[in-house]
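Okay, structure first, notes after.
The values are calculated or read from the model by the stated rules, or taken from the named source; none is laboratory data. If you're wondering where the values come from, they're calculated on a predicted model, not measured in any experiment. Here the Cβ positions follow ideal geometry from the backbone for every residue, glycine too, while neighbour counts run over all protein chains shown.
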Amino acid sequence: MHTLKIDYSPVTYKFKIESTFDYSNTSFNDFINLKIGKEERIFNWTEEAFNKYADSINERSFKVFIKCDEFEKQEIIRQIEGLQHLDENEKIDINYSFEVFDIDKIYDLMRSFESFLFNCNDELVSKEFEKIKDNIIQKHQQEVNIVAAATMSAGKSTLLNALIGQSILPTKNEATTATICKLKINNNLDFFKGQVINGDSDIVEDNIDENWISKHNEKANDPESKLEILLEGPVFEFETFGMDVFFIDTPGPNNSQNENHREATYTYLKDEKNKPILMYILNATQLRTNDELGTLREISEFLKKHKNSNDRIIFILNRIDDLDPDKEPLVYKLKKTEEYLKENFSIKNPKIFPVSAEYGRLAIKSAKGETLSRPEKNKLRKFNEDFMPCLSEGFIGIPVFDYLPVSENFQSQIKDQLGKSEELDNLIYSGIYGLKSYLQYFMKHQQRSDLYPSDKPHIF
Ligand SMILES: Nc1nc2c(ncn2[C@@H]2O[C@H](COP(=O)(O)OP(=O)(O)O)[C@@H](O)[C@H]2O)c(=O)[nH]1
Ligand SMILES: [Mg+2]
């Protein structure tokens, strides 16, 4: 059996390929007839490369050995699983093994090296260091922005409340979110504090709640308004990995009362410096709305130009609790959503996370031991009954974790958490746990590397 060996650097995206199949006199690219871009992340080309390699060596099974980062490993395993599940004559059986970089070690090393440089008294070193010092300082000031974007009432604010673990952003059917609300994670604080920014005056207040935000939102409806609400506080079970992390609630792009707001989603999308994680929220019960066309077209254009971004722009299929499991099973709805994005916007292989933001919000509230109102309790009980299996009735439940756009390996890590407590089970079934795990995983393995673009190796 032939072996394909790929040595890839998650930092520079450079790679070396060797194969036991002798294709001497040509390059690997020519041999398999595929152009692999130099600046592309490995999983942008592996699936096609595996297919073409199988065709070129005329065998449907081979081994691969890949050196890469854990995040990339999971993505590639997912592709390999896909190839193994194809129809009989198309399927490719890949026997895989990986060698994974310890990304934490790399960052620890980089940090100690940087601190050595900052404190070094040697004249020669200091002189050289001056040239790149500003660059390093600037990189440490970059923000991780996790942006919720969608048309109005898709559930942006509810989703963020669920992720944050605090019902702080106002959620209603009206256009309540009229301004941008930035929420900075600060796990050293006990409560959220807030600030309204309008260019010249700042207000700082403690004990911020939904009413406080609603009040300032009303003012922000003024078409000339450039108000921004800034909140800072602790976020339940969410690591920042030493970065400045913000959750951002944008007004729906169809909120045309204010042109500044319309631009907000696009501005974040195109922020090449900070490279945000954009969650585009789709309402599962209402896929075709005209409001959506503009933003989704922008996202589609962006993805065509930035292939490396297809895992930082993710789709959330919200309100899955509103689907009728007999008429529209989740697996079917996810297929439809994928087709919808492909046919109307040419968005291929989107990562779609099914969630019920409202279920997640209530699940977290109960997990934190907070008091639920009577209607909230009833709602949570109903969600629980609708999603969890009931063996005596032959009901298998809605195994949301089985449909997460991650490898089977990642899925089973989530499944392993089931049964520990009812609160955690609720969170897992709501889809919020899977989404949160993905965000954390992405931040840990990918975001940090992206914030250090390819000039990083020059430091070393
Ligand atoms: N049933 C259900 N309702 C939801 C869900 N997510 C949001 N909602 C409701 O939808 C309405 C609009 O949600 P909101 O978060 O304010 O939407 P936004 O305009 O996108 O910020 C609110 O009444 C929410 O309670 C969900 O997953 N399931
Ligand atoms: Mg909102």
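Of the set (1) free of Cβ contacts under 8 Å to residues at least 60 places away in the same chain; (2) in a strand (DSSP E or B), all apply to Glu339 but (2).
Considering Glu385, Glu358, the condition of being within 20 Å of the chain's Cα centre (by Cα) and either without any contact (Cβ under 8 Å) to a residue 40 or more places away in the chain or closer than 24 Å to Ser153 by Cα (or both) is satisfied by Glu358 alone. Using the structure shown, decide if Ile364 is touching a residue at least 24 places away in the same chain (Cβ under 8 Å), part of a helix (DSSP H, G or I) and surrounded by 18 or more Cβ atoms within 10 Å (Cβ to Cβ). It is true that Ile364 is touching a residue at least 24 places away in the same chain (Cβ under 8 Å), part of a helix (DSSP H, G or I) and surrounded by 18 or more Cβ atoms within 10 Å (Cβ to Cβ). In this structure, Leu334 does not qualify as in a helix (DSSP H, G or I), in contact with a Leu (Cβ under 6 Å, 6 or more places away or on another chain) and either assigned by TED's automatic domain parsing to the domain that holds Ile168 or within 30 Å of Lys38 (Cα to Cα) (or both).
Here is a list: Ile248, Ile208. Which entry is assigned to a strand (DSSP E or B), under 20 Å from Thr158 (Cα atoms) and either outside the structural domain of Leu293 (by TED's automatic domain parsing) or at pLDDT 65 or above (or both)? Please lay out each step first, then the result.
Working: Ile208 fails: assigned to a strand (DSSP E or B).
After applying the criteria, what remains is Ile248.
Residues that are away from ligand 2 (no atom under 13 Å from the Cβ) and either farther than 18 Å from Phe236 by Cβ or not aliphatic (A, V, I, L, M) (or both) within region 148-176 comprise Gly165, Gln166, listed in sequence order. Look at Ser373 and say whether it is of a type in the set (S, T, N, Q), closer than 27 Å to Phe43 by Cα and away from ligand 2 (no atom under 16 Å from the Cβ). No. Criterion first (within 23 Å of the chain's Cα centre (by Cα) and not small (Gly, Ala, Ser)) does Val144 satisfy it? Yes: the conditions hold for Val144. When you look at Ile132, is it surrounded by fewer than 20 Cβ atoms within 10 Å (Cβ to Cβ) and hydrophobic (A, V, I, L, M, F, W, C), yes or no? So Ile132 passes the test. Out of region 320-358, which residues are surrounded by 16 or more Cβ atoms within 10 Å (Cβ to Cβ) and among the hydrophobic types (A, V, I, L, M, F, W, C)? Of everything in region 320-358, those that are surrounded by 16 or more Cβ atoms within 10 Å (Cβ to Cβ) and among the hydrophobic types (A, V, I, L, M, F, W, C) turn out to be Ile320, Leu323, Leu330, Leu334, Leu341, Phe345, Ile347, Ile352, Phe353, Val355, Ala357. Considering region 306-319, and only residues there that are over 27 Å from Lys38 (Cα atoms) and more than 16 Å from ligand 2 (Cβ to nearest atom), the residue that is surrounded by the most Cβ atoms within 10 Å (Cβ to Cβ) turns out to be Leu317. The strands (runs of 3 or more DSSP E) found entirely in region 123-197 that carry 1 or more residues being at pLDDT 85 or above and within 12 Å of ligand 1 (Cβ to nearest atom) are 143-150, 180-185.
A residue that is more than 16 Å from ligand 2 (Cβ to nearest atom) and either among the hydroxyl-bearing types (Ser, Thr, Tyr) or not assigned by TED's automatic domain parsing to the domain that holds Ser61 (or both) can be found somewhere in region 89-96.
Check region 80-94 and report whether any residue there is surrounded by fewer than 18 Cβ atoms within 10 Å (Cβ to Cβ), among the acidic types (Asp, Glu) and closer than 18 Å to Val406 by Cα. The answer is yes, given that some residue of region 80-94 is surrounded by fewer than 18 Cβ atoms within 10 Å (Cβ to Cβ), among the acidic types (Asp, Glu) and closer than 18 Å to Val406 by Cα.
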